[in-house]
Amino acid sequence: MTVGIYELFEEPPDVAGSTADESRAAADFDEVYEYHFPSLAAELAAYCGDLAMAQDLVQEAFCRAFTRWPTVSRYDDPVGWIRRVAWNLATSRWRRLRTARSFLRRQREEHVPGPNPDRVAVREALSRLPAHHRRAVVLHYLADLSVAEIAAQEQVAVGTVKSWLHRARTALAVHLSSTSEVSDEA
């Protein structure tokens, strides 16, 4: 037994503002949907190999038909139009999947060796610096900015940047020399 949506709420639909043609068209759509949805879903399930996906595709085709129902209902074969839309959606889905698979096939897994001990030591030493010293070192030595450019970016005097760089180099030298001594002993 099939139960309509309005029977669930035990209320008839509000058709006060609609014309007889609109309510007849809505009833026609409901009948077409109820009668043809299972067969269209079965067709696409055989094509897709996935019943849930087929149901989604047919549902989407019916949604598109519903928004255009006044026009679609006048076609010689409105169900044929819905079937064609569903099959087109399925074909588009296959194309998207094929493109994605092709893209994934072209991607190569790169095996990159882990960081060497020197890089780990430098990173640890940088992490121990105050934030403004660390920024100055990174901007000067990695980003190749001049002292004047760093001063402009950080909105401080050139002498302040020079001081940060000097203090940072001193702290890095202490930390890196103690790290290398520990690694030499091991």
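Roll a 1.4 Å probe over the protein heavy atoms and report the accessible area of His140 in Å², nearest 10.
So the heavy atoms of His140 present about 50 Å² to solvent.
Amide H of Leu145 versus every other amide H placed in the peptide plane: which residues, excluding those fewer than 5 positions away on the same chain, fall under 5 Å?
When sequence neighbours closer than 5 places are left aside, the close amide H contacts are His140.
Hey, can you rank 86-99, 107-120 by average C-beta count inside 10 Å, highest first?
Ranked by mean Cβ neighbours within 10 Å, highest first: 86-99, 107-120.
So how much slack lies between Arg169 and Arg74, counting 0.36 nm per residue of separation and subtracting their Cα-Cα distance, in nm? Let's see the in-between values first.
Details: separation 95, 0.36 × 95 = 34.20 nm, distance 8.14 nm.
Length gained, Arg169 through Arg74: 26.1 nm.
Given a Förster distance of 45 angstrom, what is the FRET efficiency for Gln59 paired with Arg106, based on the Cβ-Cβ distance and rounded to 0.05?
Using R0 = 45 Å, I get an efficiency of 0.85.
Residue by residue through region 151-159, which ³J(HN,Hα) values in whole Hz follow from phi under the Karplus form 6.51 cos²θ - 1.76 cosθ + 1.60 (θ = phi - 60°), with glycine and proline marked x?
4, 5, 5, 8, 6, 9, 6, 4, x
Run the Debye formula on the Cα coordinates of region 31-186, all scatterers equal and no solvent, and tell me log10 I(q)/I(0) at q = 0.09, 0.11, 0.13 1/Å.
Evaluating at q = 0.09, 0.11, 0.13 Å⁻¹ gives log10 I(q)/I(0) of -0.60, -0.62, -0.72.
Using a 1.4 Å probe and ignoring any ligands, DNA or RNA, find the accessible area of Val158 and quote it in Å² to the nearest 10.
In the full protein context, Val158 sits at about 60 Å².
Using the beta-carbon distance between Asp28 and Thr91 and R0 = 30 Å, what value does 1/(1 + (r/R0)^6) give for FRET efficiency, to the nearest 0.05? It would help to have the intermediate numbers written out before the result.
Details: r = 28 Å, r/R0 = 0.92.
Given R0 = 30 Å and the Cβ-Cβ separation, E is 0.60.
With a 1.4 Å probe and every protein chain left in place, tell me how much accessible area Leu104 has, in Å² to the nearest 10.
Accessible area of Leu104: about 120 Å².
The values are calculated or read from the model by the stated rules, or taken from the named source; none is laboratory data. Please read these numbers as outputs of a predicted model, since none were measured by experiment. Cβ: placed from backbone, ideal geometry, glycine included. Neighbour counts: every protein chain shown. Quick note on the areas: whole protein, heavy atoms, side chains included, nothing else; ligands and nucleic acids left out. Shrake-Rupley method; radii C 1.70, N 1.55, O 1.52, S 1.80 Å.
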